[in-house]
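Trainee: Take this structure, written in structure tokens, and hold onto it; I'll ask about it next.
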Amino acid sequence: MGTSLRFGMISLLAAASAHATVIGGTSTTQPLPFDGNNTYAFIFGGAGSQLAVPFTPVAGSDYILSSASLPVRSYGPTDVEIDIFDTNGSNPGSKLEGLTAQIPSDFGYHLVGGNFSGSTILHGGQQYFFYVSAPNGSGQVDWAGAQPAVGTTLYYQANTGFWNHAGSFSSPAFQVISDSTTAPEPGTILLLSAGALLLMIGRTWKP
């Protein structure tokens, strides 16, 4: 009985534990790729300058937004604002959530990022935007390019108030992470069922 109960509880805990998944960015299977010697794009410090890159989580689940990261170096600004926007037509729409990441002032590339609140849900199959700005301070922030190169479309405003976009054969490196989904995957359902069954057997079986 004790063994069955223990195994059942372990199965349930394993099914309920968070599993980090890359739902947007330049890699879904490997750590964030970037070439520290390659500046792909730069963002001027101060209001009105930003860069947005579209991403679409895999269809089939809704995802709880957890964290984000990108490789940058600073020539002036001490932090970057990382926001997730929804889509309005084909352009960035409304801000869903954001965070501020500090940048070390040693002029080297650093992987920076942070955690979101854990309350924002992104829908699989729907396009969103990874939006980066340096609203406080002057100078510029360099954003490293992804390796291997991945084609994308870049969106920017450049103090005009209107979105411009340009196609690119490569993309800046970034990742958007979800720690869990709102709909269990088939493997998770099987694991939960097995755990529940073992708990029932453990309670009813007597030596």
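The values are calculated or read from the model by the stated rules, or taken from the named source; none is laboratory data. The shown structure was predicted, so the numbers you read here are calculated from the model rather than taken from an experiment. No Cβ is skipped: glycine too gets one built from the backbone with ideal geometry, and neighbour counts run over all protein chains shown. Calculation scope for accessible area: heavy atoms of the full protein, side chains included, ligands and nucleic acids excluded. Shrake-Rupley method; radii C 1.70, N 1.55, O 1.52, S 1.80 Å.
Trainee: Going through segment 139-171 one residue at a time, which ones are open to solvent by 20 Å² or more (accessible area, probe 1.4 Å), touching a Pro at 6+ places or on another chain (Cβ under 8 Å) and of a type in the set (Val, Ile, Thr)?
Mentor: Those that are open to solvent by 20 Å² or more (accessible area, probe 1.4 Å), touching a Pro at 6+ places or on another chain (Cβ under 8 Å) and of a type in the set (Val, Ile, Thr): Thr152, Thr153.
Trainee: Please pick out the residue among Leu96, Leu111 that is open to solvent by 40 Å² or more (accessible area, probe 1.4 Å), part of a strand (DSSP E or B) and over 16 Å from Val53 (Cβ atoms).
Mentor: Leu111
Trainee: Any chance you could count how many residues in segment 96-117 are farther than 17 Å from Asn136 by Cβ and not aromatic (Phe, Trp, Tyr)?
Mentor: Final tally of qualifying residues: 9.
Trainee: Could you please tell me which pairs satisfy a Cβ distance under 7 Å, a separation of 6+ or placement on different chains, a first residue in segment 145-162 that is more than 20 Å from Val72 (Cβ to Cβ), and a second residue that is aromatic (Phe, Trp, Tyr) and surrounded by fewer than 16 Cβ atoms within 10 Å (Cβ to Cβ)?
Mentor: So the pair list comes out as Gly151/Phe169.
Trainee: If I ask for residues that are surrounded by fewer than 20 Cβ atoms within 10 Å (Cβ to Cβ) and part of a loop (DSSP other than H, G, I, E, B), which ones from segment 71-85 would you list?
Mentor: Result: Gly76, Thr78.
Trainee: On the given criteria, is Gly108 under 30 Å from Ser61 (Cβ atoms) and either small (Gly, Ala, Ser) or at pLDDT below 90 (or both)?
Mentor: No; evaluated as a whole, the condition is false for this residue.
One line per residue, one yes/no per condition, for (1) among the aromatic types (Phe, Trp, Tyr); (2) part of a loop (DSSP other than H, G, I, E, B); (3) under 17 Å from the mean Cα position of the chain (by Cα); (4) modelled with pLDDT under 85:
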site	(1), (2), (3), (4)
Asn159	no, yes, no, yes
Ala166	no, no, no, no
Ser170	no, yes, no, yes
Leu190	no, no, no, yes
Ser193	no, no, no, yes
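Trainee: Output the number of the condition that Ile23 fails; it satisfies all remaining conditions of (1) modelled with pLDDT of 90 or more; (2) among the aliphatic types (A, V, I, L, M); (3) open to solvent by 70 Å² or more (accessible area, probe 1.4 Å).
Mentor: (3)
Trainee: Then there is this: Would you confirm, using the coordinates I've provided, whether Arg6 is modelled with pLDDT of 75 or more, farther than 17 Å from Tyr156 by Cα, open to solvent by 40 Å² or more (accessible area, probe 1.4 Å) and among the basic types (Lys, Arg)?
Mentor: In short, no.
Trainee: Continuing with this model, one more query. What is the one condition in (1) surrounded by fewer than 14 Cβ atoms within 10 Å (Cβ to Cβ); (2) under 14 Å from the mean Cα position of the chain (by Cα) that Asn88 does not satisfy?
Mentor: With (1) surrounded by fewer than 14 Cβ atoms within 10 Å (Cβ to Cβ); (2) under 14 Å from the mean Cα position of the chain (by Cα) applied to Asn88, the lone miss is (2).
Trainee: Condition (residue is assigned to a loop (DSSP other than H, G, I, E, B) and open to solvent by less than 40 Å² (accessible area, probe 1.4 Å)) applied to segment 120-128: is it met by at least one residue?
Mentor: yes
Trainee: Can you pull out every residue in segment 52-70 that is closer than 15 Å to Thr26 by Cβ, open to solvent by 20 Å² or more (accessible area, probe 1.4 Å) and assigned to a strand (DSSP E or B)?
Mentor: Passing the criteria: Pro54, Ser69.
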